[in-house]
Amino acid sequence: MDTLLAHVNVSPGSAPPPQLPRFEPMEVSGTPDLQQHLYQVLSDACSQDPARMMPAAQQLPRLEKEPGAFHAIYQIGAEKSVPVPVREMAMIRLKNEMTTHWRSRVLLTEHQKTECRQLSLTFMDEPIDSIFNLNMIVLTKIARFDYPARWENLVPNLLQLIRNSASARLASGVADPLNMLVLRRSLRALHGVVKEFSTMKLPSQIKVMEEMENTLFRPFMDLWIQYSLSFRALLDPSNLANPVLAHDLDIAHLAFKSYSKLFAWRWNRSAKQNTGWEDKLTEAMRISVEQFQVLCNMRMQLISALNQTDPPLLSGPNGTICNDPAMAATLTLLTRHVMVFGKVFRRLCQLKRDAFVSHLSTPHLITFYWNLVTNATQLPTVIDSPFALYPLRLLVQALFLFREFMQDWSLLARRHKVENLQELLASPDSPVSPDLREILGAGNVLRSIDLLITQLIPLRPEDLHKWESEPEEWFVAQEGESEQWEYELRGSAERVLMIFVSNFADVAKPELLRMYQQVAGNHSVDLQAILHKESVYCAINRSIHQMKENLNFDEMLGNHFVADVQVEDAAYSVVKRGIAVIIGKWVYEEAVPAPTELVWQILLRLLQDQSSSIIVRLSAAGAIRQCIDTVGFNKDVFAPYLRDILAGLVNLFNECENMESKRFATKALAFVIECADDLVMNYAKELCDTIPSMWASADAEQNSLLKADLITIATKLVGATKSNSMYLWPIVIPLVQMGFQGGVAAQLDEDALDLWIHALRWTESLTDAQGSSPNLMELLPLLQNLLLNNLDLLGRVLHVVDGYLLIDAPRVLHANSNGLVEGFNKVFKTAIQTNVRDLVASVQIMIRSSPPDLWAGPLHTTGFFWNILEDFLASKAKAAILNQYLFFIARLTLVNTKAFMMLMEAAANEHHMSLEQLYNDLLQQWWEKFDAVAEPNNRKLLVMGTACLVATAQPVVLKRLSGDIFDMWLSVLGELEEAWKNDELDAQHPLYIREDSSEWACVDLPLESEGTLEQGRREQLNATDPVTTERLGPFIKHQLDIAAQVCPGGPSEFQNTYIAGANPLVTNQLYKYLGIIG
């Protein structure tokens, strides 16, 4: 206690009583009846009479929009003569609404805001906890906006209240109820302000927090120490009901929380930012560690004394009941105060683990914590009670900090160029403290491992109760990927064990092997033996990488696990679950080469085991999934067990009641289907028949995630059945439709699209030979609706469009060409760049896969062609998008030049433009954008498109022949010659582009379509694409020959008018490329 006094700035012996600000209610300026009206509405809103409550609930939000309403409500909430329910309702409205409208100058004038700030400080003597708590939230939110610029006296006022109240209490030696209340309320309010600002990240807010810390750090520390000394002097079994003890303990607790909040904030700052604070932080850490140890020991001595009184003051099982409410409250608060130290240490460790671990006080702290753990395990049981000698949560904190400390020392060992902590301890210059060296000695490590496996890892009575009463919830909690283990005794103990095993393998591995051999052949159904065996299995599972060379997996399976899974006692379920987990993890982590037949036999047995808890069957499902997801998975070995495993997973789904565990079963089922692939063919129809009942189960619970899993199962089935997936349409088509229903579309649309795309990729036609229903043609209205109304999924929707067009474009366009092109027309202006590229690709597939009489009309009547042309000519889009428009126009000319000319003529007529001018503008833009195109296939496409236009012999085109068009042709022909030289192609075909060169493919081959029927359709379309298959030189020569023939005046006129004027060098070079001259 003397060491504490050295850090205290003792207040003077006499101090003035606390002075609270007072504020009288007043009428709201300009609206004298608003306050009364609000009071009546708030009263009605609190009424139990629905006839009064419902109209008030609707009227109140409207009234709050009146200027000055929040100010009036605050006055009502602050008036202690107002009935408590009305005050609570007023404060709730302020918390929910005023804090979000605080910046409004309409609802609150500056004068009213000033008065509201003053009102918030009048609650420091508020006797009703709920009202004070609501006001504290309001106060901290206002402080966030206004402190210190418009509320500079907030912290000084609260600090002065705290000092006055604290000094009055310590000076008088008696606990005045009002004084105690004001001190507690003021301290909580200031703590709330500190907590609010400690989370802020803006530079100006950080500066405020620094100023606040400079002001409050020492006062909080002094207050904590003063009241710690006070309550510790009173801490005695005979004095536990003393309200003064409870009050002083409460103030010490609140002061330490505020102090630790400032401490942690400063701790997290960088070394440069903490200049001048190094000694303060070191001292703060040392004092915190010291006081934690002192308080913890005092509490344990107190609990021990209470258990030894006659009669004992603590009764019930393990002394968990205290019949005196005042004593119980004090003990509970004392336990909370001890626990808050652990929370602070955990937070410091999480913020800066290296700084925490390397602190001089930390080894003593970790040693103390570990001693708590070892002492606690000597008791019959560890319980979660504030009256327990070693509360469970205290031990969890100890294990967490010990693990973090040891993990950092493991990294330190590697920095010292040794393998593990064991070698670091053996090093002569090891920085390990003597206390830790004792704990980490070989003998103590061995005892610690035994302690963890025999005392802390075994399932406790609470676990077994939940195992039996809520098995699915227990399983979901264990399988979760959260950090919940940090707050659980078993999970924390497992992680500490892993640290011991990885750092002290020479000690740990023989001990684990001994324990495993001791329990492996024991199939006793005695509960303690079962729990011990499960604990050992858990330890083996957690030590897979260290133990895989010491344990023979095949021997474990054949000699031990086979016998274990035959035991039909219900209590043995915990062991069976451990077996499933071990098998799954050992196979998944590739500790064994591949799952054998014995693995599948054991897992199938566990999946079908109705004598055990459902947890066993769920664990078996998880293990099956892990064993399949391995490089060594062999379908042939798995095949004999596939049918029963599929049936077992479906039965497991039907058996589960919890939606999360149902999802666990469906995910395992989807994984099995995907990996078994074509082996599922014979069972696909049977599996599909189970989906409707599963869907009904998900529908009853309105669980969209489960529905998404079921759609995924259907998708995997389509992929497994491949070209035979047409037989699954009776379930596939409805699932796609249900995935876009209004209530669930936001959650299921992507999964439904994935199913739809898979169905298209694996079918040979859009209907069966008889045109039976349902079929993929029935989904066309849905496709048009998505094109028109769902930009978010446009990329995936266009994949669906591609699928339809690649299968049977004429049929799709016969059905609704206008609707499809209308969808294209609506989205192209608003789509992002990537989607515009996909859109142009889809349109190119459409015009290449069907005759022009099916698409030319819709391109004109919907305005799609004109809109593309207009934007292109006016350069109304980004360069990359304008290029896509140019590719579309070039493709049109290449596919059907006559249809292109008709579209140009119709566009000119409809928009009252000169056709010649329209062509001229188009060619000018074509030339200007040409050099911005880099891809070889697209540059060749543009050149071939111009060649097709030249073949029309229109004068407006031919006028540009010897200039812009020749330049484009020579540019690409030269690039092709260069490619030929680099690639050393056959000299006989220097301008021929290899068909197997993917860079020349104009139709993409998505990775997802690899191996599907759609890939073949895409490759076939590329194989018939002139860009891929035609040599450019002969193609251009052919188009020139056509132009010469159709040109008015014949070839001679064509030569004299359009060729003769060209630069001879250009003409000669071009003719060489075209093979006209040698």
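Being in a helix (DSSP H, G or I), crowded, with 20+ Cβ neighbours inside 10 Å and on the phi < 0 side of the Ramachandran plot is the requirement here; does Leu923 meet it? Here the answer is no, as Leu923 does not meet what is asked. Taking every residue in segment 144-160 that is within 14 Å of Gln205 (Cβ to Cβ) and pairing it with any residue that is aliphatic (A, V, I, L, M) and open to solvent by less than 70 Å² (accessible area, probe 1.4 Å), at least 6 positions away or on another chain, the pairs with Cβ-Cβ distances below 6 Å are Tyr147/Leu154.
Among the residues of segment 1045-1075, those identified as free of Cβ contacts under 8 Å to residues at least 12 places away in the same chain, among the small types (Gly, Ala, Ser) and farther than 19 Å from Asp964 by Cβ are Gly1049, Gly1050, Ser1052. Would you be able to tell me the number of residues in segment 92-129 that are open to solvent by 50 Å² or more (accessible area, probe 1.4 Å) and assigned to a helix (DSSP H, G or I)? Total meeting the criteria: 9.
Would you pick out the residues in segment 1048-1078 that are closer than 21 Å to Met968 by Cα, not in a helix (DSSP H, G or I) and not aliphatic (A, V, I, L, M)? Of everything in segment 1048-1078, those that are closer than 21 Å to Met968 by Cα, not in a helix (DSSP H, G or I) and not aliphatic (A, V, I, L, M) turn out to be Gly1061, Asn1063, Gly1075. When you scan segment 909-917, do you find a residue that is in a helix (DSSP H, G or I), within 27 Å of His1038 (Cβ to Cβ) and in contact with a helix residue (DSSP H, G or I) (Cβ under 7 Å, 6 or more places away or on another chain), even just one? Within segment 909-917, one or more residues are in a helix (DSSP H, G or I), within 27 Å of His1038 (Cβ to Cβ) and in contact with a helix residue (DSSP H, G or I) (Cβ under 7 Å, 6 or more places away or on another chain). Of all residues in segment 276-308, those being among the β-branched types (Val, Ile, Thr) and open to solvent by 30 Å² or more (accessible area, probe 1.4 Å) number 2. For beta carbons closer than 7 Å, sequence separation of 6+ or different chains, a first residue in segment 584-597 that is more than 10 Å from Ile544 (Cβ to Cβ) and free of Cβ contacts under 8 Å to residues at least 60 places away in the same chain and a second that is among the hydrophobic types (A, V, I, L, M, F, W, C) and not in a helix (DSSP H, G or I), the qualifying pairs are Ala594/Phe633; Pro595/Phe633. How about segment 769-796: which of its residues are aliphatic (A, V, I, L, M) and either in contact with a strand residue (DSSP E or B) (Cβ under 7 Å, 6 or more places away or on another chain) or open to solvent by less than 70 Å² (accessible area, probe 1.4 Å) (or both)? Scanning segment 769-796 gives Leu776, Met777, Leu779, Leu780, Leu782, Leu783, Leu786, Leu787, Leu788, Leu793, Leu794. Could you list, in sequence order, all residues of segment 549-591 that are open to solvent by 40 Å² or more (accessible area, probe 1.4 Å), hydrophobic (A, V, I, L, M, F, W, C) and within 14 Å of Gly521 (Cα to Cα)? Within segment 549-591, Val562 is the sole residue that qualifies.
Of the residues making up segment 957-966, those that are under 59 Å from the mean Cα position of the chain (by Cα) and buried (at least 17 other Cβ atoms within 10 Å of the Cβ) are Val957, Arg960, Leu961, Asp964, Ile965, Phe966. Every listed requirement among (1) within 16 Å of Gln301 (Cα to Cα); (2) assigned to a helix (DSSP H, G or I); (3) open to solvent by 60 Å² or more (accessible area, probe 1.4 Å) is met by Leu313 save one, (2). Listed conditions (1) modelled with pLDDT under 90; (2) assigned to a helix (DSSP H, G or I); (3) not hydroxyl-bearing (Ser, Thr, Tyr) are all met by Gly771, apart from (2). Which count do you get for residues in segment 614-633 that are in contact with a Ser or Thr (Cβ under 9 Å, 6 or more places away or on another chain) and open to solvent by 30 Å² or more (accessible area, probe 1.4 Å)? So the count comes out to 0. Inside segment 40-87, residues that are without any contact (Cβ under 8 Å) to a residue 24 or more places away in the chain, surrounded by 16 or more Cβ atoms within 10 Å (Cβ to Cβ) and not small (Gly, Ala, Ser) make up a count of 4. Going through (1) in contact (Cβ under 8 Å) with a residue 60 or more places away in the chain; (2) under 13 Å from Leu159 (Cβ atoms) one by one, Met212 falls short only on (1). Of the numbered conditions (1) outside any helix (DSSP H, G or I); (2) at pLDDT 90 or above; (3) under 46 Å from the mean Cα position of the chain (by Cα); (4) not hydroxyl-bearing (Ser, Thr, Tyr), Val82 fails exactly one; give the number of that condition. Unmet condition: (3).
What helices (runs of 4 or more DSSP H), lying completely within segment 358-429, carry at least 3 residues that are out of contact with any helix residue (DSSP H, G or I) (no Cβ under 8 Å at 6 or more places or on another chain) and modelled with pLDDT under 75? Quick ask: steps written out before the conclusion?
Values: elements: 362-376, 392-415, 421-426.
Filter on segment 358-429 gives 392-415.
For segment 655-699, residues that are touching a Ser or Thr at 6+ places or on another chain (Cβ under 6 Å) and modelled with pLDDT of 90 or more total 1.
Determine whether segment 180-199 contains at least one residue that is among the small types (Gly, Ala, Ser), surrounded by fewer than 20 Cβ atoms within 10 Å (Cβ to Cβ) and in contact with a Lys or Arg (Cβ under 6 Å, 6 or more places away or on another chain). Among the residues of segment 180-199, at least one is among the small types (Gly, Ala, Ser), surrounded by fewer than 20 Cβ atoms within 10 Å (Cβ to Cβ) and in contact with a Lys or Arg (Cβ under 6 Å, 6 or more places away or on another chain), which makes the answer yes. Checking each residue in segment 803-857 for being under 37 Å from the mean Cα position of the chain (by Cα), in a helix (DSSP H, G or I) and polar (S, T, N, Q) picks out Asn825, Gln833, Thr834, Asn835, Ser842.
Among the listed residues Glu494, Glu486, Glu472, Glu511, identify the single one that is farther than 30 Å from Pro380 by Cβ and charged (D, E, K, R). Steps first, please.
Values: Glu494 fails: farther than 30 Å from Pro380 by Cβ; Glu486 fails: farther than 30 Å from Pro380 by Cβ; Glu511 fails: farther than 30 Å from Pro380 by Cβ.
None of the others qualify; the one that does is Glu472.
For (1) assigned to a helix (DSSP H, G or I); (2) touching a Leu at 6+ places or on another chain (Cβ under 9 Å); (3) under 16 Å from Lys257 (Cβ atoms), each residue gets a yes or a no:
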residue: Met200; (1), (2), (3): no, no, no
residue: Ser204; (1), (2), (3): yes, no, no
residue: Val208; (1), (2), (3): yes, no, no
residue: Leu216; (1), (2), (3): yes, yes, yes
residue: Asp222; (1), (2), (3): yes, no, yes
residue: Ile225; (1), (2), (3): yes, yes, yes
residue: Ser230; (1), (2), (3): yes, yes, no
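From the list Ser502, Ser448, Ser524, the lone residue that is open to solvent by 30 Å² or more (accessible area, probe 1.4 Å), touching a residue at least 24 places away in the same chain (Cβ under 8 Å), in contact with a helix residue (DSSP H, G or I) (Cβ under 9 Å, 6 or more places away or on another chain) and on the phi < 0 side of the Ramachandran plot is Ser502.
The values are calculated or read from the model by the stated rules, or taken from the named source; none is laboratory data. What you see is a predicted model; the values in this text were computed from it and never measured. Because the Cβ atoms are built from the backbone with ideal geometry, glycine has one as well, and the counts that use them run over all protein chains shown. Just the protein is used for accessible areas: all its heavy atoms, side chains included, with ligands, DNA and RNA removed. Shrake-Rupley method; radii C 1.70, N 1.55, O 1.52, S 1.80 Å.
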